[in-house]
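Peer 1: This structure is in structure tokens; I'll ask about it shortly.
Any read-out appearing in this document is the output of simple, stated calculations on the displayed coordinates, not a laboratory observation. From a predicted model like this one, the values you see are computed outputs, not experimental measurements. As a convention, Cβ positions derive from the backbone with ideal geometry for all residues, glycine included, and neighbour counts pool all protein chains shown.
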């Protein structure tokens, strides 16, 4: 009988400290706070077919090259190209795509991974990618596997109109479809922040209804977006104005630059664009001056320095840790803003202050957390908790000895 | 339709409330005279307004992108072309009697470029009149008859395969060339085509195959192209035609020689094909030119008034004007250019537009008087050639297979300077290159722009929606007049019967008589039908007459006239005798006959406007006044008033003018002077019309019926 009861009591005794530990940790982490920015994704879509829409493919490939250069790896880029200009028979330079008439840069080099091509680029597939509702056979490389910590860049180019974007010359994506997809993504925790960038005619109408995202379009309602220049050698226009000036902005940057989104958005000159770039930030929480462009167009993560090679943190712990981090960050942001004010034209090159900040606060394994808590010891409740926890092994041992 | 409408009207009369549309109909019918005068005037006026209403052309198809690529034709290619011109104009090459030598030269040049080359031997086909083939597609499966070996032509065909293309489509470049008596112009056109061809063998951007057809024009340009197209579009799977070729040693000789001299396998004796034709360009260079600048003339009209897609003309016009600095011409009726009445009309329109603009600044429709005159002359020629239905060049053969094609005739300011020749080779070549590159960009057939249009200048056009208004106004009075005539005829007979019969008998006989009277128009319909039948017989007669061997045009025309009269008399005695008996009633019934005739003319014109607008328009101009004015001469003579006398004169004049031979002579007289007019000419003219299976021919016959009514 005793042997029967004893394991059970033992189990109870073992469960107790775990519960106590849990409660002590849960007490400290706030459940409201959003996840940390953990990864970057890009969905780049060219929606038009046909040779005379060469520039749309060139736009998309240029953006692809830029985000890759700024650090988003290929497996986190979903590239959708509705037609293959490189291998079009009319292409004077077979298997090459250029976005400038000087032909210095071939955008269609060896390392371009096109995820959806040709007739695969449909409204249905596009919405499936965004919402993550795929058929089981779709490979992982074709899925947007983002999570609640992802920053996503969604770039679309093609022919559009008032509240629609034409796909493939046969169907169209309407603004409320897009808004619905974004809402679903939000519900499914598929992103932390989302930047929608659209280069079409009347692009601004496309995010009339998109919730909770930052959006920028090449033209207002009733305006056209124009191509930048014609390549008389290839015989087509090779790039659109909005994309051209976006790329011009990014060509000056590298992965360490801290140029903010507002500096990107204010770089568009309506007289050069021949349309008014419109951005919508009312649904976006952070101040644009504080958000570096690499938050969307690159993949610059906060590097977390740890003592051990493998940190054995549970998910919850990291969440709590981030809580503190965000506090630190906010302090840092103030610092940085002041810096920006000092030399506002030039972007600051301080090598990731977050890293330093992180190092300070990140020397954390479970033991050090404990120690710290003990050191602080201000909270009587937590002291009591820890005391109880310390009692448990004693209790267990004594029970075992008595038997 | 008018009759049924009328019946419903008479049924509804007792009802107090009449629907507005019916009331409007009654109003129009009762005032048919004024309505018809207004409508006809408006119709003619609208026709003259068309040059003012013309819109600027624009390139409708996005994919074309003319001029977006810079031309790649360099001086190297030009000197290649120059070499060919020199070789062809060299007197040695002309020594051969059949002109085979020059074909060999051309083939050799093509082979040197790496193109696939083949010869296409054809026998010129005599144009034959097939009365029942008006609307069928061009006859493809023609039985090969025994031709003599002496009369055949040789087309040289070179094909470049698109390096990355799928070989499903092709662009055709045609240069007519008569090896026996070629002028310098023809050699030059070959030079231009060759320089473009040599460029196209090197480029990587071809999506469509390029076919260069050197059409042997010794039996006519059209015949050569048509023969090649027939062969191209209808592959023969049996080897029946080969023995035919073997029988002629000369041709075999040619083929064998080629086979020996050329080591490569690119030359083939069999007929070579590429993909579906996207479009075709016929290139010509005129020998003599009195103009002071380099101009290029566009000929677009194909058989039966069909036009190529407007985009093709737009592309050529755009490239010629904005890239190569050539002046573009479309055909004009030159005689109209100097007419003073047209000038004054243009001035009136101009001043009217000024007044309108001063009233409301947004109204801008005026064009200068000189521009108006030119626009009208171009429009008139456009109408004339569409109405005639005879293609204006070898491009017509392509249209029969739904391929958009035009003829470009370059007329350079002439000098024998070598620099000048290089210049024209360069600019002509670049123009052709640009057009080919633009068409090469095309993803589908030409379909975006208009097929139904009239040109008023190379960059201005009148679309179908506008010019149909003029036509609709012109024929609108016909149904109204027919209805009013029918009502009159019915009511007048009603009155006379009402007077004679006693009131008691009315109820009994009325229903019966109404039933008879409502079917009385059948009598007149029968008469009209008989006349139409006669017209059909007359129109079929020339087919049999043409079977008579060794007949001069004048005698065959005489035979035709005699036979026509004979057939009329026969028909009259056999079929029309019952009508002759009831001569007393016939006089009263002329109105009914006229009404039926007008209805049939209305239907005929409506149908014709669908088939060939220009023919219908010109026909309506002639026939509508005649139909509206027609009245038996006897009645006019009896009435004796001034008005009826005028009407009689009008009828006689109109009747004679509209009679086809008379109309022909008048036109010819106006254009050439009356001195050299001849009956035989008419025969020749008609003969040329059958040859093209022209719808005009049908139409002329229709005019004939009307005349016989007068």
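Peer 1: I'd like the FRET efficiency for residue B:60 and residue A:301, computed as 1/(1 + (r/R0)^6) with the beta carbon distance as r and R0 of 45 Å, rounded to 0.05.
Peer 2: 0.30
Peer 1: State the dimensionless ratio Rg/Rh of the stretch A:39-297 (Rg: radius of gyration of Cα atoms; Rh: Kirkwood radius).
Peer 2: With Rg and the Kirkwood Rh in hand, the quotient comes to 0.93.
Peer 1: Would you kindly state how much longer the chain becomes between residue B:422 and residue B:610 on full extension, computed as 0.36 nm times their sequence separation minus their alpha carbon distance, in nm to one decimal?
Peer 2: Stretched out fully, the residue B:422 to residue B:610 stretch lengthens by 63.0 nm.
Peer 1: Once both labels are modelled 7 Å past Cα along the beta-carbon direction, what's the residue A:37-residue A:169 spacing in nm?
Peer 2: Spacing of the two 7 Å Cα→Cβ label points: 4.1 nm.
Peer 1: Ranking request for peptides A:261-273, A:290-302: highest mean number of other beta-carbon atoms within 10 Å first, then the rest in descending order.
Peer 2: Listed from highest to lowest mean packing, they are A:290-302, A:261-273.
Peer 1: Enter the mean number of other protein chain beta carbons within 10 Å of the beta carbon of each residue in A:83-94, as an integer.
Peer 2: 4
Peer 1: Of the listed peptides B:593-600, B:52-59, what is their order by residue-averaged count of other C-beta atoms within 10 Å, with the highest listed first?
Peer 2: Output ranking for B:593-600, B:52-59: B:593-600, B:52-59.
Peer 1: When the label point is put 7 Å from the Cα of residue B:351 along its Cα-to-beta-carbon vector, which residues of the stretch B:358-379 have a backbone N closer than 14 Å?
Peer 2: Those under the cut-off are B:369.
Peer 1: Would you mind calculating the gained length between residue B:448 and residue B:562 on full extension (0.36 nm times residue separation, minus the Cα-Cα distance), in nm to one decimal?
Peer 2: Difference between extended and current length: 35.9 nm.
Peer 1: Related question: At 7 Å along Cα-to-Cβ for each site, give me the label-to-label distance between residue B:288 and residue B:468 in nm.
Peer 2: Output for this residue pair reads 4.6 nm.
Peer 1: Still on this structure: Whole angstrom only: what separates the Cα centroid of the stretch B:22-77 from the Cα centroid of the stretch B:345-376?
Peer 2: 17 Å
Peer 1: Take A:116, A:64 and order them by how many other Cβ atoms sit within 10 Å, fewest up front.
Peer 2: Fewest-to-most ranking of A:116, A:64: A:116, A:64.
Peer 1: Arrange the following residues from fewest to most other Cβ atoms within 10 Å of their Cβ: B:283, A:81, B:206.
Peer 2: B:206, B:283, A:81
Peer 1: Expressed in nm to one decimal, what extension gain is obtained for the pair residue B:570 and residue B:322 from 0.36 nm per residue of sequence separation less their Cα-Cα distance?
Peer 2: So the extension gain works out to 82.8 nm.
Peer 1: Per residue of A:230-239, what is the mean number of Cβ atoms on other protein chains within 10 angstrom of that residue's Cβ?
Peer 2: Taking all residues of A:230-239 together, the mean is 4.
Peer 1: Determine which residues of the stretch A:210-254 fall in the zone a paramagnetic label at residue A:111 would reach in this model, i.e. backbone nitrogen under 19 Å from the point 7 Å along Cα→Cβ.
Peer 2: Counting backbone N atoms under 19 Å from the label point, the list is A:251, A:253-254.
Peer 1: OK, next. Among A:62, A:232, B:564, which comes first, then next, by fewest other beta-carbon atoms within 10 Å?
Peer 2: Listed from fewest to most nearby Cβ atoms, that is A:232, B:564, A:62.
Peer 1: How far apart, in nanometres, would the label points at residue B:270 and residue A:388 be if each is projected 7 angstrom from Cα along the Cα-to-Cβ direction?
Peer 2: Distance between label points: 9.6 nm.
Peer 1: Kirkwood Rh over alpha-carbon pairs of the stretch A:214-309, then Stokes-Einstein at 10 °C and 1.306 mPa s: what D in µm² s⁻¹, rounded to an integer?
Peer 2: This corresponds to a translational diffusion coefficient of 103 µm²/s.
Peer 1: For a quick protection proxy, order the peptides B:337-344, B:314-321, B:158-165 by their average other-Cβ count within 10 Å, most packed first.
Peer 2: Ranked from most to least packed, the peptides come out as B:314-321, B:158-165, B:337-344.
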